[in-house]
Amino acid sequence: MAYHRTVIFASFLAFVVIVLGAYTRLTNAGLGCPDWPGCYGQLTVPQSEEQVVDKTYLEQRALEPEKGWMEMIHRYFAGTLGLFILAIAIWSWVRRRRDPAQPVWLPTFLLALVIFQAALGMWTVTLLLKPVIVMGHLLGGFATFGLLALLALRTAHKMSPVGSERPWRLAGAIGIVILTAQIALGGWTSSNYAALACLDFPTCQDSWTPDMDFDEAFVMWRGLGIDYEYGVLEHPARTAIHVTHRIGAVVAFAYLAWLVVAVARSGAAMTGAALLVGGLLLVQVALGIGNVLLHLPLGVATAHNGVAALLLVSMIYLNYRLWRQQH
């Protein structure tokens, strides 16, 4: 049906926005435009300082057209996604009149979420890449993608009943919580420029106990007016963040790997969903190790963000199957 296909397309678009956001952040283009929603007061990126109409923007940040275009392309796609979600929300309420099973509160919540996401995008720029805002913007993007995928599942054709997987429902929900916490840690690592704090694996700085400053590592708010581009933390604090992210990765991998094996063994109906999670989990771990050993190459780091989003959606799919009632 047209509605379902539109939700599928919006889900794909949300994934593209996540990847573009990661690429923008990793190329240090998050402040490629010093204002929002335009760029140097314009809807397109000026190619030279002479083309900047309001010269006061140049006092805030020197013009770098390549970074500006990277930022604006991300905004164009995010704005298009917002329009699709607005259309889906309105369409959902219209369809509800003739189909009582049509979800309406989920699309409505998605609309509210994407509006808040726009505000976070603005604050990312105006608050100069404040880490807690950047992390929140990342989580909001993942949540948008995940909820669109859930809406697509709810409007798809009915699947065969699960039946015997009731004992694993709580375990699956805990898995999503653990994975979300690990994604948040990844966002905190990236927004504090701590990904290269350790350049060896499995040790860090050739030690199992490197010098770490946990007191400074997880200070969420440091006031206003601080430019966080390239980070403000000393190396021991960045090391503490990086090591915490590694520990989180071990916990998430161990739990999700156990869950995949347990659910796959519980019944043939769940094997495909469990193996999907397992496959993406292995790819994600490999990409994480590759980021360290290869010193954060752009392609690998961007893929690490994208696969994290896919892993989250695969967990949503697994939980949807686990919690789905029989018909």
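Listed values, structure above:
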| read-out | value |
| --- | --- |
| Which numbered condition G231 misses (of (1) in a helix (DSSP H, G or I); (2) in contact with a helix residue (DSSP H, G or I) (Cβ under 9 Å, 6 or more places away or on another chain); (3) surrounded by fewer than 19 Cβ atoms within 10 Å (Cβ to Cβ)) | (1) |
| Residue check for V219: touching a residue at least 12 places away in the same chain (Cβ under 8 Å) and either in a helix (DSSP H, G or I) or under 24 Å from F116 (Cα atoms) (or both) | no |
| Among (1) buried (at least 17 other Cβ atoms within 10 Å of the Cβ); (2) closer than 30 Å to A273 by Cα - the single one A254 does not satisfy | (1) |
| Filter result (of a type outside the set (A, V, I, L, M, F, W, C) and in contact with a helix residue (DSSP H, G or I) (Cβ under 7 Å, 6 or more places away or on another chain)) within the range 76-91 | T80, G82 |
| Selection count, the range 294-318, where residues are more than 18 Å from V19 (Cβ to Cβ) and surrounded by 22 or more Cβ atoms within 10 Å (Cβ to Cβ) | 2 |
| Only one of T239, T244, T302, T271 that is assigned by TED's automatic domain parsing to the domain that holds Q182, within 23 Å of L150 (Cβ to Cβ) and assigned to a helix (DSSP H, G or I) | T271 |
| Any hit, the range 68-90, residues being among the hydroxyl-bearing types (S, T, Y), in a helix (DSSP H, G or I) and surrounded by 21 or more Cβ atoms within 10 Å (Cβ to Cβ) | no |
| Selected residue (only one of L310, L287 is free of Cβ contacts under 8 Å to residues at least 24 places away in the same chain and closer than 21 Å to F15 by Cβ) | L287 |
| Lone qualifier among A264, A252 - being over 26 Å from C204 (Cβ atoms), out of contact with any Asp or Glu (no Cβ under 7 Å at 6 or more places or on another chain) and either touching a residue at least 24 places away in the same chain (Cβ under 8 Å) or in the same structural domain as Y320 (by TED's automatic domain parsing) (or both) | A264 |
| All helices (runs of 4 or more DSSP H) inside the range 97-197 with 2 or more residues being on the phi > 0 side of the Ramachandran plot and not assigned by TED's automatic domain parsing to the domain that holds G267 | none |
| L224, sole failed condition from (1) surrounded by fewer than 15 Cβ atoms within 10 Å (Cβ to Cβ); (2) at pLDDT below 95; (3) over 30 Å from A118 (Cβ atoms); (4) not β-branched (V, I, T) | (3) |
| From the options G32, G79, residue that is touching a Gly at 6+ places or on another chain (Cβ under 7 Å) and at pLDDT 95 or above | G32 |
| Inter-residue pairs, beta-carbon under 7 Å, first hydrophobic (A, V, I, L, M, F, W, C) and in the range 28-49, second in a strand (DSSP E or B), 6+ apart | C33/C39; V45/C39 |
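The values are calculated or read from the model by the stated rules, or taken from the named source; none is laboratory data. It should be emphasised that the depicted structure is a prediction, and the values quoted were computed from it without experimental measurement. Glycine also receives a Cβ, built like all others from the backbone with ideal geometry; neighbour counts cover every protein chain displayed.
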